[in-house]
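Below is one structure; the comments refer to it alone.
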Amino acid sequence: MKYSSNNNWKPKVQNATVLDKHRFCISIGVLEYDDPFSAIIVYDGNFEQPWSRIDVKREITAITPLRDFDAQTDHAYAVLSNEGDVYFVGAQTVSEKIDGAGIYSPDAKGLGAMNGIANIGNKLMAVGSGGQVYH
């Protein structure tokens, strides 16, 4: 991995959200467009070991909490990348790709980067810099 303790990696908090007084999620990274990397850090104070980390080779642009979003899963957050990847973060993190979203993705339709996600009425809405809206 490019970013090790021996390198001068100086990440910044890019996004954050709070689920409740015991749980939050942040993404840290460095904006390097030719070699993106972000770490998704989750804190859940309900566990003895409250910290977890997911590394992704993407720029993370938004995080939203998933309160009561899907009672069938334990996913607590939806995390969006600029290329339209959505990471559902919980005990098991899974990801989906928004078809046609992003800039450099093979299926990108040229509308621009994705930069926002929200849980509205138990539907995920993702928006991009070209005015695109996905649900």
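The values are calculated or read from the model by the stated rules, or taken from the named source; none is laboratory data. The structure displayed is predicted, hence computed values, not measured ones. With ideal geometry, Cβ positions are generated from the backbone for all residues, glycine too; neighbour counts draw on all protein chains shown. In case anyone asks, the SASA skips ligands and DNA or RNA and just uses the protein heavy atoms, side chains included. Shrake-Rupley method; radii C 1.70, N 1.55, O 1.52, S 1.80 Å.
Numbers below:
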| read-out | value |
| --- | --- |
| Failed item in (1) under 20 Å from Asn15 (Cα atoms); (2) in contact with a Phe, Trp or Tyr (Cβ under 7 Å, 6 or more places away or on another chain); (3) not acidic (Asp, Glu), with Ile120 passing the rest | (2) |
| Test: Leu31 is in contact with a strand residue (DSSP E or B) (Cβ under 9 Å, 6 or more places away or on another chain), modelled with pLDDT under 90 and either of a type in the set (Ser, Thr, Tyr) or open to solvent by 40 Å² or more (accessible area, probe 1.4 Å) (or both) | yes |
| Residue list for the range 1-21, filter: open to solvent by less than 80 Å² (accessible area, probe 1.4 Å), over 10 Å from Ile60 (Cα atoms) and either at pLDDT 90 or above or not polar (S, T, N, Q) (or both) | Tyr3, Trp9, Pro11, Ala16, Thr17, Leu19, Asp20 |
| Filter result (in contact with a His (Cβ under 9 Å, 6 or more places away or on another chain) and either within 23 Å of Asp35 (Cβ to Cβ) or not charged (D, E, K, R) (or both)) within the range 88-135 | Phe88, Val89, Gly90, Ala91, Gln92, Thr93, Val94, Ile120, Leu124, Met125, Ala126 |
| Residue selected from the range 82-114 under the condition hydrophobic (A, V, I, L, M, F, W, C) and surrounded by fewer than 12 Cβ atoms within 10 Å (Cβ to Cβ), by the criterion farthest from Cys25 (Cα to Cα) | Val94 |
| Any chance Glu96 is among the charged types (D, E, K, R), at pLDDT 95 or above and under 14 Å from Leu124 (Cβ atoms) | yes |
